[in-house]
Amino acid sequence: MNSGSRGTVLVSGASIAGPALAFWLHKYGFTVTAVEKSAGVRDGGYPIDVRGTAVAVAHRMGILPQLQQAHIDTRRVTFLNADGSRAAVVHPQAVVGGVDGHDLEIPRGTLTNVLYAAVRNNVEFVFDDSIDALTEHDHGVDVTFRSGAQRSFDLVVGADGLHSRTRALAFGPEQHYLRYLGYCFSICAMPNTFGLSHEALIWNTPGRAAALYAVGDGSDVHALLTFAHSEPSHEALRAADTHRDLISTVFGDDGWKMPTIVDAMHHAPDPFFDTVSQIHMPQWSSGRVALVGDAAYAPSFLTGQGSSLALVGAYMLADSLAAHDDHTTAFTAYERAGRRFVDLNQAQISTGEAALIPTTADALEARNHRLRSLTTSPPTTGRPAHTALTLPDPRPAAVRSEIAVHRK
């Protein structure tokens, strides 16, 4: 343990939950190392939401003004029928349950870069590497990295996403915790040949959806294809050609602009493909290893709460570690304080599925009928799940002590 440090913590993952956790751990006196398998902080990416309690976390981190400046001013969401005719036009916040003027939609790369900038001078970052093996003992965790380097830490936290390597090493195979929700999706950027500006289009036919998001007046749009499908094998998920072939097969006979979108997805250099899934774990910690964000409780993009749960979870985990001198007690407190909030937000999936990709013609028509009843004006209140947790006050620097991680 470093002199003057409350303990050493390795955080695996440098996207959202990882840097946010590193920020608060450093504030509370821990020595933090973050390892990230990418060569650097990932830029670009699909727009993401920061809502409810997560906005308060951003405020306490001092990054809220930067996020507000980057807020995407999406003005309308137009839902389309299979032939491209208009089914409904609604205000974006009416769809996602956000509060206009409070909740934020920002490019994912903006959030990751703002978080990294907030901690890069205080935290050791190791890029282009990842955890290969963990060996826990009474006084810490010995870590072997993919690069061959070996180091020891008092604690390890997996913030490495839905397919967390840390979770697999410490808790067992992913299939024990992943709950497949019946859909696959793919995302890419493509030229904005649709004349879209500050808006989104969502096209539907039973069991299939395409969304086009125009961030401002940019020359590109983000394209998202989602479709109902039996759960693919792990091998299929890793094969890019399989992804492309599957998308071509599923959407190959659809009209409107679908041939153009499918072609763009087929030729995109780096389309993202995955299942729509959640992570449900009976415990978020095992010994000296804990999980945060999607690694512990991914809610799926259908809830729009992944980034918010990551920010809130990071705050709550750091708070618990700062409040308790024993890591076991701290991890238990972290889960006790956050479990209900996570459960409520994961449960929003029923709302998300109904809003996006009903699987029958009757359900789709019922969805469209509900959408047409919504106003094009912003709602004044959000979903209760988004604010269902009250943050504890930030702990002052005075809480720091020489030892926070219990050693036998």
Among D319, D73, D253, residue whose mean-square fluctuation peaks in a GNM of the chain (springs only between Cα atoms under 10 Å): D253
Rel. contact order, % - alpha carbon contacts under 8 angstrom, at least six apart, segment 295-360: 43 percent
10 Å binning of all Cα-Cα separations within segment 87-195, expressed as whole percents from 0 upward: 9, 24, 31, 22, 10, 3, 0
Kirkwood-based Rg to Rh ratio, the chain, C-alpha trace: 0.98
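Using the heavy atoms of the protein chains alone and a 1.4 angstrom probe, what is the accessible area of the chain per residue in square angstrom?
42 Å²
Counting only C-alpha contacts under 8 Å and six or more residues apart, can you give the relative contact order of the chain as a whole percent?
Values: 853 pairs, mean separation 98.9, N = 408.
After rounding, I find 24 percent.
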For segment 258-384, Kirkwood radius (reciprocal of mean inverse C-alpha pair distance, Å): 17.5 Å
10 Å binning of all Cα-Cα separations within segment 172-261, expressed as whole percents from 0 upward: 15, 43, 29, 12, 1
Considering only the chain, percent of DSSP beta bridges that pair antiparallel, nearest 5: 70 percent
Choice from Q278, Q150, Q305 showing the highest fluctuation, given a GNM over the chain with Cα pairs closer than 10 Å: Q150
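The values are calculated or read from the model by the stated rules, or taken from the named source; none is laboratory data. On a predicted model such as this, the values are computed, not experimentally measured, just so you know. All accessible areas refer to the heavy atoms of the entire protein, side chains included, with ligands and DNA or RNA removed. Shrake-Rupley method; radii C 1.70, N 1.55, O 1.52, S 1.80 Å.
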